[in-house]
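The values are calculated or read from the model by the stated rules, or taken from the named source; none is laboratory data. Worth saying up front: this structure is predicted, and the values here are computed from it rather than measured. Cβ placement follows ideal geometry from the backbone for every residue including glycine, while neighbour counts extend to all protein chains displayed.
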Amino acid sequence: MAEYAVARLDEIDEIDDGQRPFRAVRHHFGIRTFGITAMTAHADGDRLIPEHDETYSHSSEELYVVVSGHANFELDGETQDATAGTFVHVPAGVKRTAFARDAGTTVLAISGGPEGKPYELSGWEAFAPLFPLFDSGDYEQGADRAEALLADDPSYGASVYYNTACFESRAGRAEAAIAHLRRAVELEPSMAELARDDEDFAALRENPAFGEIVDG
């Protein structure tokens, strides 16, 4: 018989990626067929959901559920008031963010795969704790940890490969950076344009392989 698992919200570790703290519910339970994350405000006015619009080819619609407290959602410039028990459905392409009106407000974010396609792991939850290392300039440690993540699960999505390449480029690991950037672009072709002007790849500008990747 398949095993089940039970956990309270406060039993799932909180992660801070430098933008806002969150709990990686999907990662905690090892779920591989849909994404789910929980965000809880520590203070009145905290941002719960970073502004984004889900425009990559692997993006999907998202469903947000206000579990407790009171949140304000901003959706393509319009504000929606959301108290506990409110569901907010947002299709891909709609710019969204949300703020807590009250400390302790908790919102769940649930996502699947693009229309007509299965859900695929992006790995962003596992990579998120590494972003503060980038901000502090600890590129060597960041590259080491990012490479370990990919070695543990090479099925992660384009963003993990891209951000790993950023660490490696900054750390002077040109060969590894090229390999991981190439894989990122294979998974998400639009990242070639992003990489073209990304200062994280300044050290690779004269590398012919970099030109092949970003210029097709």
Report task. Scan the range 179-199 for residues that are closer than 12 Å to Tyr161 by Cβ and in a helix (DSSP H, G or I) and report the count. Result -> 11
**Report entry** Check on Arg32, out of contact with any His (no Cβ under 7 Å at 6 or more places or on another chain), basic (Lys, Arg), surrounded by 13 or more Cβ atoms within 10 Å (Cβ to Cβ) and not assigned by TED's automatic domain parsing to the domain that holds Leu133
**Finding:** no
Query raised in the report: Is it the case that the range 4-15 has a residue that's touching a residue at least 12 places away in the same chain (Cβ under 8 Å), closer than 24 Å to Pro132 by Cα and in contact with an Asp or Glu (Cβ under 9 Å, 6 or more places away or on another chain)?
Result: yes
Requested in this report: Report, by residue number, each residue of the range 63-79 that is over 16 Å from Thr106 (Cα atoms) and assigned to a strand (DSSP E or B).
Outcome: Glu74, Leu75, Glu78, Thr79
Requested in this report: Could you tell me whether Glu175 is over 21 Å from the mean Cα position of the chain (by Cα), in a loop (DSSP other than H, G, I, E, B) and free of Cβ contacts under 8 Å to residues at least 12 places away in the same chain?
Outcome: no
Query raised in the report: Are any residues in the range 1-44 of a type in the set (D, E, K, R) and part of a loop (DSSP other than H, G, I, E, B), and if so, which ones?
Result: Glu3, Arg8, Asp13, Asp17, Arg20, Arg32, Asp44
Requested in this report: Restrict the check to the range 135-151 and report whether at least one residue is assigned to a loop (DSSP other than H, G, I, E, B), free of Cβ contacts under 8 Å to residues at least 40 places away in the same chain and either of a type in the set (Ser, Thr, Tyr) or within 17 Å of Arg20 (Cβ to Cβ) (or both).
Outcome: yes
Report task. Considering (1) farther than 19 Å from Arg26 by Cα; (2) not in a strand (DSSP E or B), say which one Phe99 fails and leave the rest. Result -> (2)
Report task. Report yes if Pro154 is surrounded by fewer than 18 Cβ atoms within 10 Å (Cβ to Cβ) and closer than 23 Å to Ile12 by Cα, otherwise no. Result -> no
Query raised in the report: Just to be sure, is Asp198 acidic (Asp, Glu), surrounded by fewer than 19 Cβ atoms within 10 Å (Cβ to Cβ) and under 25 Å from Gly93 (Cα atoms)?
Result: yes
Report summary line: Considering the range 53-68, residues that are modelled with pLDDT under 95 and not acidic (Asp, Glu), and then whichever is farthest from Glu188 (Cα to Cα), we arrive at Ser60
Requested in this report: Answer yes if at least one residue in the range 17-30 is touching a residue at least 24 places away in the same chain (Cβ under 8 Å), hydrophobic (A, V, I, L, M, F, W, C) and farther than 24 Å from Tyr119 by Cα, and no otherwise.
Outcome: no
